[in-house]
Amino acid sequence: MKTSQRNPGFVGDDGNSTTSTLAMSSLAAETTTEAEQEADKSTGGRQGERATWGKGVEFLMSCIAMSVGLGNVWRFPFTALDNGGGAFLIPYLIVLFLIGKPIYYLEMVIGQFSSRGSVKVFDLCPAMKGVGIGQAFQVFMLSTYYASLVAIFCRYFVDSFHSPLPWATCRDEWGKNCINAAPSEPGDEQNGILNNTDRIISSSELYYVKEVLREKDQIADGIGLPNWELVIGLFVSWLCVFLIIRRGVKSSGKASYFLALFPYVIMGVLLIRAVTLPGSLDGIYYFIKPNWGKILDPKVWYAAVTQCFYSLSVCFGNIIMYASFNKFGHNVHRDATIVTALDTATSLLAGFTIFGILGHLAHEIGTDDIGKVVKGGAGLAFISYPDAIAKFKQLPQIFSVLFFLMLFVLGIGSNIAMTSCTVTAIRDRFPNFKQWQCSLLIAVVSFIIGLMYITPGGQYMLTLVDFFGASMIALVLGIAELYTIGWIYGTDRLCKDIEFMLGRKVGLYWRLCWGIFTPLIMTIILIYFYATYEPLVYNNQAFPAWAYGIGWSITAFGVMQLPLWMLVAIIREPGNTLGEKICGAFRPKKNWGPSDPLLREQYNKQIEHELMPKRGQGFWGSIKQNILG
């Protein structure tokens with residue numbers, strides 16, 4: 001058997017000869033018997049019982065489907081627009097370089113190196129196990145409301161086959177302040193009041209609020225009952241997720257090709273169409289025109305960090321989970337570079353497409369101020385874009401079908417990763433729990449929870465859970481993860497692990513980011529987040545006290561996993577004194593390392609050899625060695 005088949009990433013990209021570390025790991029790999037290979041194949045490629053991706057490219061495609069999602073298509077264009085337009089790209093690229101890419105590579109490395117999911121990976125520091133459990137809870141909450149957005153996409157996708165489009169014209173029950181989204185004929189009486197934006201509401205907006213959401217003005221008296229049409233969409237969403245993940249990476253890996261590539265086909269078609277429309281170039285220029293006055297605004301840098309953080313899906317456990325199904329030695333350095341670069345390129349591509357179409361919309365209604373036709377957030381997908389499509393004079397249904405099909409596929413791709421993360425966390429703890437049974441259980445429970453998001457007060461609850469269940473928990477646990485791996489486990493040991501696994505030296509850039517820049521910048525962002533905290537509102541409506549009680553309870557449950565499991569680890573740790581127990585709880589477990597027993601034996605011998613010279617260095621000497629090597 002050739003070593004390259006067992007560890008394809010062992011030869012460094014620079015073509016240099018392998019180190020002594022590499023020689024030991026290669027020797028261990030070569031001693032793998034044919035019987036062990038057959039055993040791996042029979043269990044999907046896993047040493048033991050864990051499956052592996054059928055092909056390495058399936059991992060890459062799955063990461064693309066996960067990271068390139070709704071945040072790129074509707075969040076990035078308007079985040080950039082609100083924070084300096086083209087000037088926003090400067091802080092965003094800096095943040096990507098110092099935070100996004102380092103964390104992405106970090107999570108790929110520890111997942112692949114240990115073949116452990118997002119919870120068990122914290123065997124590298126048992127006292128911090130609560131980080132993984134909190135992230136599993138957080139990503140579960142996130143997946144429940146993410147599916148509700150996919151349900152709305154499903155509703156719009158079906159509506160897109162109607163002629164005329166159902167949001168193109170006003171209805172009597174919507175009131176007299178409605179204006180048709182469809183093209184107006186010359187002499188139409190509505191044309192004379194187009195500029196009176198204080199009184200006029202587009203039919204596409206009223207359709208979204210009154211027909212799709214059936215939204216309540218406030219939720220003081222409850223959130224109401226689910227919309228049965230959206231219930232069907234929610235069921236379809238979770239059915240798709242279950243069917244794709246029911247066999248684990250065996251099935252989701254095959255689906256990843258479609259989920260990753262198909263949205264680009266649609267986006268390409270829409271972009272070509274967009275740039276051929278009158279006024280489209282004005283919209284694109286409006287998107288990229290820099291406002292240099294905002295580049296020193298702290299809010300712009302905060303927006304860049306949050307956009308990068310959520311767009312790439314870092315510190316949620318998804319990347320660790322996907323990488324844990326890789327074969328030892330897979331070139332994750334290459335994959336991390338591809339995904340992070342493609343994520344940024346997709347955001348720009350989506351911005352050109354969206355604002356090209358909105359520029360055409362502004363041209364159609366006769367205004368030079370494109371800002372008047374722009375609505376951010378959900379308003380882009382369900383108001384601005386449908387409004388623009390309705391004004392197409394030829395076959396608007398085709399473009400509507402393509403757009404909402406793209407959003408549906410993007411949403412499913414991201415939700416597959418989040419749901420798989422929860423399933424993997426459970427099955428790592430209860431390995432006898434079959435994949436399809438666990439997937440079905442999570443899908444059913446998530447469907448039931450998701451019903452509250454498709455009620456008349458559902459968008460209030462979605463805003464609440466997004467803020468308290470995702471944003472607040474993600475920042476705290478993400479920072480804890482960075483300090484755990486970079487400082488407690490140690491950047492130097494992490495780099496040794498990478499050298500053992502991939503056969504490549506780790507550069508100073510990665511060491512400085514993992515050991516200093518990335519955790520400290522994230523800490524500053526967390527401080528800024530709490531310093532600028534304001535009461536949560538939706539549609540200018542404050543949330544009632546009971547809603548805040550739910551929100552803070554969700555946050556507390558996620559964050560309190562950290563001290564709770566730290567206490568449990570210290571109590572369980574053997575030792576004669578409290579100090580011994582604490583120190584032991586912050587050291588890696590004895591079984592930490594590669595899942596292959598032979599590789600782990602060689603790894604443990606090497607680590608012991610590497611750690612011997614560090615003993616007796618003193619505190620500052622240890623810190624310097626830990627970060628700089």
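The values are calculated or read from the model by the stated rules, or taken from the named source; none is laboratory data. Bear in mind the structure is a predicted one, so any value in this text is a computation, not a measurement. We place every Cβ from the backbone using ideal geometry, glycine too, and count neighbours over all the protein chains shown. Protein only, heavy atoms only, side chains kept; ligands, DNA and RNA dropped before computing areas. Shrake-Rupley method; radii C 1.70, N 1.55, O 1.52, S 1.80 Å.
Once you place label points 7 Å from the Cα toward the Cβ at Thr367 and Leu536, how far apart are they in nm?
The two pseudo-label positions are separated by 3.1 nm.
Using label points projected 7 Å from each Cα along Cα→Cβ, tell me how many nm separate Leu296 and Leu395, to one decimal.
5.2
Before I look further, what does region 448-567 give for accessible area per residue, probe 1.4 Å, in whole square angstrom?
Values: 4600 Å² over 120 residues.
Accessible area per residue, region 448-567: 38 Å².
Could you give the length gained by full extension between Leu526 and Asn591, i.e. 0.36 nm per residue of separation minus their alpha carbon distance, to one decimal place? The partial results should precede the final answer.
Numbers: separation 65, 0.36 × 65 = 23.40 nm, distance 3.38 nm.
My answer for the length gained is 20.0 nm.
Would you mind counting up the charge near Leu349? Only other residues with Cβ under 15 Å from its Cβ, with Lys and Arg at +1 and Asp and Glu at -1. Show your work: numbers first, answer last.
Values: positive: Arg75, Arg273; negative: Asp343.
Within the 15 Å Cβ shell, the charges total +1.
Between Ile448 and Arg171, how many nm apart are label points set 7 Å from Cα along the C-beta direction?
Output for this residue pair reads 3.2 nm.
Beta carbons within 10 angstrom, averaged per residue: use that to sort the peptides 305-311, 100-106, highest first.
100-106, 305-311
Classify region 195-310: rounded, prolate or oblate, from the alpha-carbon gyration tensor (a ≥ b ≥ c, eigenvalue square roots; a/c under 1.5 rounded; otherwise prolate if a/b is larger than b/c)? Mind dumping the intermediate values first?
On the way: a/c = 1.59, a/b = 1.15, b/c = 1.38.
It is oblate, given that a/c is not under 1.5 and a/b is not larger than b/c.
Take the solvent-accessible surface of the protein heavy atoms, probe 1.4 Å, and return the percent of it on region 387-488 that carbon and sulfur atoms account for.
Values: 2220 of 3130 Å².
Roughly 71 percent, rounded to a whole number.
How many angstrom separate the Cα center of region 472-510 from the Cα center of region 96-154?
Taking the Cα centre of region 96-154 as reference, the centre of region 472-510 is 15 Å away.
In whole angstrom, note down how far apart the Cα centers of region 526-545 and region 259-288 are.
34
Take peptides 153-164, 397-408 and line them up by average Cβ neighbours within 10 Å, highest first, as a rough protection proxy.
Numbers: 153-164: 18.2, 397-408: 21.2.
For the peptides 153-164, 397-408, the packing ranking is 397-408, 153-164.
Do the alpha carbons of any pairs in Lys55/Lys505; Lys101/Lys254; Lys327/Lys434; Lys55/Lys250; Lys120/Lys250 sit beyond 18 Å of each other, and which pairs? Each step should come with its number before you reach the end.
Details: Lys55/Lys505 25 Å; Lys101/Lys254 26 Å; Lys327/Lys434 22 Å; Lys55/Lys250 10 Å; Lys120/Lys250 21 Å.
Beyond 18 Å between Cα atoms: Lys55/Lys505; Lys101/Lys254; Lys327/Lys434; Lys120/Lys250.
Thinking of region 237-393 as a set of Cα atoms, what percent of all their pairs are more than 18 Å apart?
On the way: 8606 of 12246 pairs.
Within region 237-393, distances greater than 18 Å cover 70 percent of Cα pairs.
Assuming R0 = 56 Å, can you tell me the calculated FRET efficiency for the pair Lys210 and Leu348, based on Cβ-Cβ distance, to the nearest 0.05? Present the calculation step by step, with values, prior to reporting the outcome.
On the way: r = 35 Å, r/R0 = 0.62.
Efficiency at R0 = 56 Å is approximately 0.95.
In the neighborhood of Pro594, defined by Cβ-to-Cβ distances under 10 Å, what is the net charge if each Lys or Arg adds +1 and each Asp or Glu adds -1?
On the way: positive: Arg600; negative: Asp497, Asp596, Glu601.
For residues surrounding Pro594, the net value is -2.
Order the peptides 225-236, 544-555 from the highest to the lowest mean number of other Cβ atoms within 10 Å of their residues.
In decreasing order of mean packing, 225-236, 544-555 become 225-236, 544-555.
Within region 128-159, find all residues whose amide N lies under 16 Å from a label point positioned 7 Å from the Cα of Phe235 along Cα-to-beta-carbon.
Answer for this model: 148, 151-152, 154-155.
What is the extension gain from Phe517 to Lys505, computed as 0.36 nm multiplied by their sequence separation minus the C-alpha to C-alpha distance, in nm to one decimal?
Details: separation 12, 0.36 × 12 = 4.32 nm, distance 1.99 nm.
Net length gain for the segment: 2.3 nm.
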